[in-house]
Amino acid sequence: MEKKVTWKSWLSLFFLIVMLSGLFKDVQSPLKALDFLNLTGNFGTIFEEVNFQGQGGVGAREGVLVALTILPSVVFAVGLIETLQSFGAFNAAEKLFTPILRPILGIPGSAGIAFISSFTSSDVGSVMTKELFDNGQLSDDERSVFTSYQYTASAVILNTINTQAVLLPIVVWPIGLIIVFLIVMKILGANLVRIILKISNQKELRKWKKSKA
């Protein structure tokens, strides 16, 4: 049965893509409220630029604090996804992104929103990928391929611009070319996993046929 896609589906998909794309992250106007990271916000500082996580932490205690810093964005992402999914955003995404994602990654278009969000946030992408798998929209192999894509140079745009900003002055290539190069490497890495899984599945199938012969 074909999933119904209405104008509400397309509108909710557009809204979700805009929010997760980082398009309005740095604008100095009310439009910045249309950005997921801006809505997630930041923790206040306790001293100078230090928040409750502190500096120099190690071990399990530092891990717990890191997890707490991620929690708000994950909880917000789950609520946002569930709300817009009820309007059919993922059905519209499947129709729009399947011609793109099937050839380059071998995954359905329903992963399109997670694909867009993974440019700026690995946390949101992982939440969406889990939702897609739990709902039966991604197979186990498709999930493995997509995960390998996401976590190679994760949050590629945000991390390249922010986390690696101190290195940009000494880099020979322009930043746009660096991001394109990283995305190409992400796609190649995901397809390498795709090939390995295909070979492994073929071996398992041959073993199963021999056992039944």
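The values are calculated or read from the model by the stated rules, or taken from the named source; none is laboratory data. The structure displayed is predicted, hence computed values, not measured ones. In this analysis, Cβ positions are derived from the backbone assuming ideal geometry, glycine residues included, and neighbour counts consider all displayed protein chains.
Details
- Tally, over region 33-62, of residues that are in a helix (DSSP H, G or I) and either in contact (Cβ under 8 Å) with a residue 60 or more places away in the chain or over 17 Å from residue 77 (Cα atoms) (or both): 6
Yes/no matrix, rows are residues, columns are (1) assigned to a helix (DSSP H, G or I); (2) surrounded by 18 or more Cβ atoms within 10 Å (Cβ to Cβ); (3) polar (S, T, N, Q); (4) modelled with pLDDT of 85 or more:
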residue: 107; (1), (2), (3), (4): no, yes, no, yes
residue: 131; (1), (2), (3), (4): yes, yes, no, yes
residue: 136; (1), (2), (3), (4): no, no, no, yes
residue: 150; (1), (2), (3), (4): yes, yes, yes, yes
residue: 162; (1), (2), (3), (4): yes, no, yes, no
residue: 192; (1), (2), (3), (4): yes, no, no, yes
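A quick yes/no check of all residues on (1) among the aliphatic types (A, V, I, L, M); (2) at positive phi:
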{"residue": "59", "(1), (2)": "no, yes"}
{"residue": "83", "(1), (2)": "no, no"}
{"residue": "96", "(1), (2)": "yes, no"}
{"residue": "109", "(1), (2)": "no, no"}
{"residue": "115", "(1), (2)": "no, no"}
{"residue": "123", "(1), (2)": "no, no"}
{"residue": "150", "(1), (2)": "no, no"}
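- Answer from 78, 50 - the residue that is over 16 Å from the mean Cα position of the chain (by Cα) and at negative phi: 50
- Residue 169, sole failed condition from (1) modelled with pLDDT of 70 or more; (2) in a helix (DSSP H, G or I): (1)
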